[in-house]
Ligand code: FEO
């Protein structure tokens, strides 16, 4: 994408990655992504905010040429992860006068990750400002969004908040700003679930830290910018502060239809009791969709057969993921089947140490489920409905 002017002498100079389908060798990118980078030409100094993934360094360098950048005084790195910092070495080579502006923690990380020489850095404290002449950059430390070194950059005169990963979305688009709020909400929620949810308590604090800033534009470093910031601020507020909802997430896998039969019965039983169920077949599930479902759910029920005395590996993977993402869950249970024995429940329960959840009585069927098993599933559905009601989850 060619550079575009956002405000006089403030440009979007980053890259859109339409074809990338996997991030961190883990996270699916159904809609591609972008690595946004921003250039601010002040009356005296020029600043670059974040760079791009090194695979797209040519786009950033071309864009800087196109905007006619002769020198860069400050290369601000809001975050050390390489999808934003990875082109800093090329920037420093092309613009040797540039100083990398970072939090103290970020400096050490960039030395470790990119071998940037120590003398290239300027470290800034929280709320410190740097003048570009007619423009001022203020740096707001926001640790653990989603690494320990992260900060935001606020362009005071234009009321633009550059947030890097915070409020970002993996969404390739030609639009500078959100135009389709439904699509943007989905992409931002997916991003929150995969990247930010484990740090929910930090996100709460960081939302508090920016609430008194006048913001006209939120400019993240993935996905479109928000020229109606209240849209994404409200969404984040609800994801991190709201109570969970009357939702059961049911990731399952079945080998010979016994667990599948139980899942079908159980999903119906929950629905009959007014509970929303999100069912995921783990042989084909997009883990980003599963992560998104966990944002609002009060309960997870894992469906698995017993394989080699424990859960099916796909069920173990989903359980590991749910534990790592630390959603705001309150209840967990397990349903499934076995042939002659095993330790499925013990092994899965041991994988949930991060979650402050009550484990509800599991239902395991010996072989194909029978009347007593269906009755037990009905009882589990009753218990979940009652628990959700007692907590006021709607
Ligand atoms: Fe988009 Fe944490 O990097």
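Any read-out appearing in this document is the output of simple, stated calculations on the displayed coordinates, not a laboratory observation. Here the structure is a predicted model, which means the values were calculated and not measured. No Cβ is skipped: glycine too gets one built from the backbone with ideal geometry, and neighbour counts run over all protein chains shown.
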Residue 346-residue 26 pseudo-label distance in nm [points 7 Å out on the Cα-to-Cβ vector]: 2.9
Per-bin percent of Cα-Cα distances, the stretch 348-394 [10 Å]: 22, 39, 34, 6
The chain, helix-only ellipticity at 222 nm - DSSP H runs n ≥ 4, -39,500 (n - 2.57), divided by all residues, nearest 500: -10000 deg cm²/dmol
Cα convex hull of the stretch 175-261, projected area averaged across orientations, nm²: 8.3
Extension reserve of the residue 228-residue 43 stretch, reckoned as 0.36 nm per residue once the Cα distance is removed: 63.8 nm
Three principal axis lengths of the stretch 152-301 [C-alpha, angstrom, descending]: 63, 31, 23
Anisotropy class of the stretch 1-160 from Cα gyration tensor, a/c 1.5 cut: rounded
Semi-axis lengths (Å, descending) of the ellipsoid that matches the C-alpha gyration tensor of the stretch 105-192: 27, 19, 12
Computed FRET value (nearest 0.05) for residue 284 with residue 358, which takes r as the C-beta separation and R₀ as 22 Å: 0.15
Spacing of the two label points (7 Å from each Cα toward its C-beta) at residue 2 and residue 245, in nm: 4.2
Cα-derived Rg over Rh, computed across the stretch 245-390 with Rh taken as Kirkwood radius: 0.92
Potential lengthening between residue 255 and residue 115 on full extension [0.36 nm per residue; Cα-Cα distance subtracted]: 45.5 nm
Choice from 174, 163, 276 with maximal GNM fluctuation in the chain (Cα, 10 Å cutoff): 174
Viscosity 0.890 mPa s, 25 °C: Kirkwood-radius Stokes-Einstein D of the stretch 185-227 over Cα pairs, µm²/s: 209
Ratio Rg/Rh [Cα only; Rh per Kirkwood] for the chain: 1.06
